[in-house]
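Worksheet: the structure to be examined is printed underneath.
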Amino acid sequence: GAVVSQHPSRVICKSGTSVKIECRSLDFQATTMFWYRQFPKKSLMLMATSNEGSKATYEQGVEKDKFLINHASLTLSTLTVTSAHPEDSSFYICSAQRAGPVVVGYTFGSGTRLTVV
Amino acid sequence: AQTVTQSQPEMSVQEAETVTLSCTYDTSESDYYLFWYKQPPSRQMILVIRQEAYKQQNATENRFSVNFQKAAKSFSLKISDSQLGDAAMYFCAYRMNRDDKIIFGKGTRLHILP
């Protein structure tokens with residue numbers, strides 16, 4: 001149980017275009033999902049907290065107009081990188097936690113490698 | 001602000017031997033959770049073990065165990081009988097109770113020598 005599906009796994013786009021990444025909790029409901037960015041050989045940097053039915057909460061330094069987050073249902077959050085530039089190239093990972101009385105840890109998607117050319 | 005520090009960027013261990021990865025954290029909270037995550041070359045994040053701060057007993061999961069020292073704010077991971085499949089990046093992580101965020105350390109790359 002507790003599977004998170006992230007799609008696409010890889011995407012290449014041209015500068016100036018937008019890219020949407022989907023994160024789905026397959027067998028549980030997630031009122032909160034998290035989006036991370038990971039540079040090569042680096043740690044995961046929290047970008048934003050995605051809340052179902054409300055606006056996302058962005059971490060300091062993350063441009064909310066560039067990284068649009070939508071959490072329209074209890075099983076789906078999307079991250080849209082708008083007007084992408086080469087410096088947005090990175091590995092993006094989402095995570096979700098199964099709601100319940102016991103914190104069992106977060107389940108992560110398999111990540112999306114974004115390359116902007 | 002909460003921080004998680006992993007002081008060992010890389011470590012190596014002989015297959016079948018035991019290795020300990022270090023982690024310290026800084027927090028003013030009394031109730032929180034700590035985790036160790038493994039990230040193999042596939043880059044899929046895998047939960048290895050978790051520890052509730054209010055529990056004094058150290059968590060164990062098969063060959064993986066932790067040494068949780070709350071007063072010292074230390075949370076080390078011990079891997080016994082190391083296997084080639086244990087080779088990965090290991091991240092120590094702290095979860096804040098008040099907003100559910102998880103903060104990661106910079107990671108320790110573990111090499112298993114055959």
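Among residues of the range A:8-37 being modelled with pLDDT of 95 or more and of a type in the set (S, T, N, Q), the one that is nearest to B:Thr108 (Cα to Cα) is A:Ser9.
Looking at the range B:3-114, the strands (runs of 3 or more DSSP E) lying wholly inside it that each contain 3 or more residues that are surrounded by 17 or more Cβ atoms within 10 Å (Cβ to Cβ) sit at B:32-39, B:46-52, B:64-69, B:74-79, B:88-96, B:102-104, B:108-113. Scanning the range A:13-60 for residues that are farther than 25 Å from B:Met89 by Cα and of a type in the set (Val, Ile, Thr) turns up A:Thr17, A:Val19, A:Thr31, A:Thr32, A:Thr57. Restricting the first member to the range A:1-15 and to residues that are crowded, with 16+ Cβ neighbours inside 10 Å, and the second to residues that are of a type in the set (Val, Ile, Thr) and at pLDDT below 95, the beta-carbon pairs closer than 7 Å and six or more apart or on different chains are A:Ala2/A:Thr107; A:Val4/A:Thr107. Can you find even one residue in the range B:39-58 that is within 11 Å of chain A (Cβ to nearest Cβ), β-branched (Val, Ile, Thr) and closer than 24 Å to A:Arg37 by Cβ? Within the range B:39-58, one or more residues are within 11 Å of chain A (Cβ to nearest Cβ), β-branched (Val, Ile, Thr) and closer than 24 Å to A:Arg37 by Cβ.
Yes/no per residue for (1) modelled with pLDDT of 90 or more; (2) away from chain B (no Cβ under 11 Å); (3) in contact with a His (Cβ under 9 Å, 6 or more places away or on another chain):
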| position | (1), (2), (3) |
| --- | --- |
| A:Gly53 | no, yes, yes |
| A:Glu63 | yes, yes, no |
| A:Ser77 | yes, yes, yes |
| A:Pro86 | yes, yes, no |
| A:Ser95 | yes, no, no |
| A:Tyr106 | no, no, no |
| A:Thr112 | yes, no, yes |
| A:Thr115 | yes, yes, no |
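One residue alone among B:Phe64, B:Phe68 is touching a residue at least 12 places away in the same chain (Cβ under 8 Å) and within 14 Å of chain A (Cβ to nearest Cβ), and that residue is B:Phe64. Would you be able to say whether some residue in the range B:82-102 is at pLDDT 95 or above, facing chain A (nearest Cβ under 10 Å) and either over 26 Å from A:Thr57 (Cβ atoms) or more than 11 Å from the chain's Cα centre (by Cα) (or both)? Scanning the range B:82-102 turns up at least one residue that is at pLDDT 95 or above, facing chain A (nearest Cβ under 10 Å) and either over 26 Å from A:Thr57 (Cβ atoms) or more than 11 Å from the chain's Cα centre (by Cα) (or both). Every condition in (1) within 14 Å of chain B (Cβ to nearest Cβ); (2) of a type outside the set (D, E, K, R); (3) within 15 Å of the chain's Cα centre (by Cα) holds for A:Pro40 except the one numbered (3). Looking at the range A:1-103, the strands (runs of 3 or more DSSP E) lying wholly inside it that each contain 2 or more residues that are touching a Phe, Trp or Tyr at 6+ places or on another chain (Cβ under 9 Å) sit at A:4-7, A:19-25, A:32-38, A:44-51, A:67-73, A:76-81, A:90-96.
The values are calculated or read from the model by the stated rules, or taken from the named source; none is laboratory data. Since we're looking at a predicted model, the values are computed, not measured. Using ideal geometry, Cβ is built from the backbone for each residue, glycine included, and neighbour counts are taken over all protein chains shown.
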